[in-house]
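One structure is given below, encoded as structure tokens.
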Amino acid sequence: MRKVSRGVSRPLLRRSLALLAGSALLAPLAATGPAVAAADPYTVTALKVTVRAGDRTCTVDADVYRPAGAGAAHPAPAVLTTNGFGGNKADGSTDALAKALAARGYVALAYSGLGFGRTGCPISLDDPRTDGRAAGALVDLLAGTRRADDGTRIDYVAEDGPGDPRVGMIGGSYGGAVQLATAAVDHRIDALVPLITWNDLAYSLAPDNAARAHGAGGPLPGAYKWQWTGGFFLIGEAQGLLHPNLDPSRAGGAGCLHFVARACDSKRLLDSGSYPAARTREVLAYLRSVSPVSYLSSVRAPTLLVQGEDDTLFNLNEAAATYRTLTAQGTPAKMIWQSWGHSGGMKKPAPGELSLSRGNLDTSYVGRRILAWFDRYLHRRTATATGPAFAYYRDWASAGSPYAASAVFPAGGSRRLYLSGDGTLVGTRREVVRGSREYRNLRTPTSHSESSLNGLLGLPDAPPYDARGTYLDWTSKPVAGGPVDVVGAPRVTLKVSSPQAERAQRSPDAADKLVLFVKLYDLAPDGGKTLVHRLVAPARVPDVTRRFTVELPGLVHRYAPGHRLRLVLAASDDAYAGNRGVKPVTVGASPSDAGVLELPVVHGVLR
């Protein structure tokens, strides 16, 4: 086996290291689960399985957890699980989930995803043509139609037919998208539980929230999420340092050590800050080809989606887009919005919440829903109740369950507020004051929402701020007569005026189009302000001569009595790449022509 040199220097690795110098990003990757005790109700066998993944052949490193009593005469359903980005089969969450499921009578197969741990092949971003096909080979192993490299054959998994094992999948983030990728190319998968994962990787890495149709990405890259993207590329490129003597099949391409060439090319384009039309279309097409948005039409496995409210990497809109697509095509699907996501760092989940590292399936709301899902679709117990279509965590709930349920998504109704020329949010058009105001961007970022890696690691971060003259805001009256609960993705429709942006948008380079950042604050009576989960909606305005709509990230938030809503339109954000050149922006208003903020309200009244 080839040892990867520590002295190898590649352009993208150098750039990622420069972006993240001094961070402790890799610290949580060292965590592993406890060793299996002799009294555990299962045995664990380590296996190697050589698979074909796209145009490469490589070896997958796996552990099979066989529950006590499972055998050819008493077969059990199986569950596949794999790691999040940067993890492996033995990390805390992958191992803990496998143990928890095996203890409940499931055959659990935990494996290191392609490009991670001791599994071969470069990182290919959960591509169904590679990662999905590789997972399908593991389904063959569970079916007994393929043997492990040492000759081991599994003959104790329940079957729906010859070569068709009863098998589900579970995992978070990178281990979530691979489930949908696998189910799209292998219809033997019977149930999925993807947690905190993406719908459209082009949106995740360069979000454009303008002109989105129910979460689907638009034709342009938005504002490059350079902190998150740089962090994950650093994790991928550092695999040679974390795991010396890697299999030669792990070698990447196009200047990357451990990523496939097209992933490397995509980051190069995003780093460049220039989006020439033909090249940009090619990169967006690739990122979407490895994303559920492009292949959900082939997914038939019942899917329980779990997404995090505290997540600026893969926000709630991504799960909502997947849910809408699956249910519209008749695929059984339900959705839970839990409290924690990628931005929660290493904090301990709130009481009653699922902890992947503890595998507390029996004692958490989400865990019990997962067990019911597998009971229904893997044990075929059709009387098992799998819960409401939509459930969401409420951090303000003080009694009973913190989760609320809805038979439909979205829940509740919509309430409109209008953007008045005097900087207020008003309830009717007749209250709109005629007027206009202006802001301008500078050549350096002047607004702060988050330091993404601080959120990932649970480290302190500076409070959100916006520099005077580089943003506009509109503020509502204080909430009165009871709290207002917002659940879903707010939307704002408006028109801006910017002669400089109008001239620049004629350029064939999409990066010249105006970028703005929309966000909602909660203003307390004492003057304190909260940017809920530090969520921001970057938008690359398609045409500044026309009205456009920005879909904000979904949120679950209570505006208490006396609190006010503040809508902010900012020129920049230091967690994202922004405008090229200075582009002053004016927003005007009149009773007949005012911007509109639509809020998904499930409880309470806004004036």
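Observations
- Förster radius 25 Å - calculated FRET efficiency between residue 607 and residue 495, Cβ distance, rounded to 0.05: 0.50
- Counted over all Cα-Cα pairs of region 491-530, pairs farther apart than 15 Å make up 61 percent.
- Computed from the C-alpha gyration tensor, the three semi-axes of the ellipsoid equivalent to region 106-251 are 31, 21, 11 Å, from longest to shortest.
- About the Cα centre, charge dipole magnitude for region 524-607 (Lys/Arg +1, Asp/Glu -1 at Cβ), debye: 60 debye
- Residues 485, 160 in ascending order of nearby Cβ atoms (within 10 Å, fewest first): 160, 485.
- Shown here are the Rg and Dmax of the Cα trace of region 187-290, at 15.6, 47 Å.
- Shape analysis of region 267-364 based on the Cα gyration tensor places the equivalent ellipsoid semi-axes at 30, 21, 10 Å, largest first.
- Contour excess over end-to-end distance, with Cα ends at residue 395 and residue 187 and 0.36 nm allotted per residue: 71.1 nm
- For the pair residue 546 and residue 461 in one chain, pulling the backbone fully straight at 0.36 nm per residue adds 26.9 nm over the alpha carbon distance.
- Across region 465-474, computed HN-Hα scalar couplings (Karplus, 6.51 cos²θ - 1.76 cosθ + 1.60, θ = phi - 60°) run 8, 9, 7, 3, x, 10, 7, 10, 9, 9 Hz from first to last residue, x flagging Gly and Pro.
- Whole-Hz Karplus values for region 583-598 come out as 10, x, 10, 10, 10, x, 7, 8, x, 8, 8, 10, x, 10, 9, 9 Hz, taken residue by residue from phi with 6.51 cos²θ - 1.76 cosθ + 1.60 and θ = phi - 60°; glycine and proline positions read x.
- When each of the peptides 405-415, 249-259 is scored by the mean number of other C-beta atoms lying within 10 Å of its residues, the order from highest to lowest reads 249-259, 405-415.
- Proximal aspartates and glutamates relative to residue 267, as straight alpha-carbon distance under 15 Å, when same-chain residues fewer than 8 apart are discounted: 237, 282
- Taking every DSSP helix (H) stretch of at least 4 residues in the chain, weighting each as -39,500 (n - 2.57) and dividing the sum by the residue count yields a mean residue ellipticity at 222 nm of -6000 deg cm²/dmol.
- Kirkwood hydrodynamic radius of the chain, Cα pairs, Å: 25.0 Å
- Length gained when the stretch residue 164-residue 152 is fully extended (0.36 nm per residue, less Cα-Cα span): 2.5 nm
- Between residue 524 and residue 468, the simple label model (points 7 Å from Cα in the Cβ direction) yields a spacing of 2.4 nm.
- When the charge dipole of the chain is built from unit charges on Cβ atoms (+1 for Lys and Arg, -1 for Asp and Glu) and taken about the Cα centre, the candidate among 581, 604, 264 whose Cα reaches farthest toward its positive end is 581.
- Computed about its Cα centre, the charge dipole of the chain is approximately 1020 debye, with only Lys, Arg, Asp and Glu carrying charge at their Cβ.
- Test item: Cα-centred dipole of region 347-396, Lys/Arg +1 and Asp/Glu -1 on Cβ, debye: 80 debye
- Residue order, fewest to most surrounding Cβ atoms within 10 angstrom, among 444, 312: 444, 312
- Placing pseudo-labels 7 Å out from each Cα toward the beta carbon at residue 506 and residue 329 gives an inter-label distance of 4.3 nm.
- Region 544-607 and region 131-203 have Cα centres separated by 42 Å.
- Relative to the dominant Cα principal axis of the chain, helix 92-103 is inclined by about 50°.
- Other-chain or far-sequence residues with amide H under 5 Å of residue 549's (modelled H): 211
- Nonlocal Lys pairs with alpha-carbon distance under 19 Å, region 413-603 (8 or more apart, or different chains): 7
- Relative contact order for region 405-546: 19 percent, from Cα pairs under 8 Å spaced at least 6 residues apart, divided by residue count.
- Whole-percent P(r), region 413-603, all Cα pairs, 5 Å bins from 0: 1, 8, 16, 20, 21, 17, 11, 5, 2, 0, 0.
- Restricting attention to the chain, close to 70% of DSSP beta bridges with both partner residues there are antiparallel.
- Estimated inter-spin distance, residue 274 and residue 475, nm [label 7 Å along Cα→Cβ]: 4.4 nm
Only the coordinates and a few stated rules stand behind these numbers; no lab work does. All of these numbers come straight from a predicted model, not from anything done at the bench. Cβ atoms come from the backbone with ideal geometry, glycine included; neighbour counts cover every protein chain shown.
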